[in-house]
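Student: Have a look at this one.
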Amino acid sequence: MKLDFLLNGQNQYIDVPPGETLLKILRSNLGIKSVHSGCGEGHCGSCTVLMNDHLAASCMIPAFHLKQKQIETVEYFLTTDEFVDIEWAFLKTGFLPCKYCAGTKVLMAEAILREFETPQEEDMRSYITRTWCTCTAPGPFFKAVSEASARRKRRAHGTRR
Ligand code: FES
Ligand code: FES
């Protein structure tokens, strides 16, 4: 099937089988290497992207679902001002995820910030289960996202820190 969607701010027009997963399309057709194949069942977080501002497991998204969607991957997100809020907050609070899930945690933080202006712990709890993370606890992540939220608000009002 032919479909069009937005990937990292650029229009994409591709022709793929309707059941092809977004994960495969990103890696094989579009050269995006930040998404990885892990569990293949939507649980581990290795293939995470943002789809229309929400966290999504690309291994679970069939091509036919992609039409006119907006997809962002972490390599693109790292170039944005929004990322700077998250990077700053992670450093400030000492929340330093390992290489295995750093990208997922960054996109997770951004999805939370896009959904909630002032995220509370209960808002963030449902997110944290969406990656298999073995070396950081939820508490420091919640703290880091709260700091990022505060910084983003200050930035919106023209104060830097
Ligand atoms: S490979 Fe997609 S969530 Fe595990
Ligand atoms: S920070 Fe290491 S697995 Fe999540």
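Student: List the aspartates and glutamates whose Cα lies under 12 Å from the Cα of K153, skipping any in the same chain that are fewer than 8 positions away.
Tutor: Of all the aspartates and glutamates, those that pass the test against K153 - Cα under 12 Å, at least 8 places apart if same chain - are E82, D85, E117.
Student: Given the C-alpha centroids of the stretch 39-60 and the stretch 62-78, what is the distance between them in whole angstrom?
Tutor: 10
Student: How much area per residue is accessible in the chain when the probe is 1.4 Å and only protein heavy atoms are counted (Å²)? Could the numbers behind the result be given before it?
Tutor: Numbers: 8430 Å² over 161 residues.
About 52 Å² of surface per residue is accessible.
Student: Then there is this: Along the three principal axes, how long is the stretch 79-161 when you take its alpha carbons, biggest first, rounded to the nearest angstrom?
Tutor: 37, 25, 20
Student: Computed over the Cα atoms, what is the radius of gyration of the chain divided by 2.2 N^0.38 Å, N being its residue count?
Tutor: On the way: Rg = 15.9 Å, N = 161, 2.2 N^0.38 = 15.2 Å.
This ratio for the chain stands at 1.05.
Student: I've got another one for you. Any idea what Rg and Dmax come out to for the stretch 2-74 if you just take the C-alpha atoms, in Å?
Tutor: Cα-based Rg and Dmax for the stretch 2-74 come out at 10.8, 29 Å.
Student: Another one. How much of the accessible area of the stretch 81-156, in percent, comes from carbon and sulfur atoms when a 1.4 Å probe is used?
Tutor: Values: 2080 of 3860 Å².
Roughly 54 percent of what the probe reaches on the stretch 81-156 is carbon or sulfur.
Student: Setting aside same-chain residues fewer than 8 positions from K2, which aspartates and glutamates have a Cα under 15 Å from its Cα?
Tutor: Leaving aside aspartates and glutamates fewer than 8 places away in the same chain, those within reach of K2 are D15, E20.
Student: Who wins for biggest fluctuation among T79, T131, T48 in a Gaussian network model of the chain, springs between alpha carbons below 10 Å?
Tutor: T79
Student: Here's something else I'd like to know. What lysines sit close enough to K105 to cross-link, taking a C-alpha to C-alpha distance under 19 Å and skipping anything fewer than 8 places away on the same chain?
Tutor: Partners within reach: K33, K92, K143.
The values are calculated or read from the model by the stated rules, or taken from the named source; none is laboratory data. These figures come from a predicted structure and were not determined experimentally. Surface accessibility is based on the protein's heavy atoms, side chains included, excluding ligands, DNA and RNA. Shrake-Rupley method; radii C 1.70, N 1.55, O 1.52, S 1.80 Å.
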